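Peer 1: Handing you this structure, nothing more for now.
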């Protein structure tokens, strides 16, 4: 019985974190003044939300114009991947919700058919569906280290493109 309480408390904390980040998303812009550290923190927080959108890619776009775009991509993708662990944890704790959600079931079918490539592709393209992939990965017990590496690789591709476009759009001032 204790284990059930822990599961619901952890799941509640994940959603509370998501809600707080969503509510205070306007304040994240002040972290930009911290350079790479600010980009890293915005990426963690912007990706720690479940379902509620907080676009952190704008930070990588502007960061690419002001700083080294490659380093911005590394920092952004690492922070985003750490933030995406909330979806993975939600999947571990909320397995019973996976079977009840049609969209999550669709992502689960993609994962069964294409494996970790699903996570990579969904991480590499800007979309709101990635949270569902994290939930499915946690619920289906994909090892966290595999999830982390594949998510990071996809996020790196996405943030490298975004930061390079930022650098090309505004001219890199670094």
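The values are calculated or read from the model by the stated rules, or taken from the named source; none is laboratory data. From a predicted model like this one, the values you see are computed outputs, not experimental measurements. Positions of Cβ are generated from backbone atoms using ideal geometry, with glycine treated the same way; all protein chains shown enter the neighbour counts.
Peer 1: Residues 67, 85, 28, 41: which one is modelled with pLDDT under 55 and crowded, with 19+ Cβ neighbours inside 10 Å?
Peer 2: 28
Peer 1: Given the conditions (1) loosely packed, with under 14 Cβ neighbours inside 10 Å; (2) closer than 22 Å to residue 39 by Cα, report the number of the one that residue 159 does not fulfil.
Peer 2: (1)
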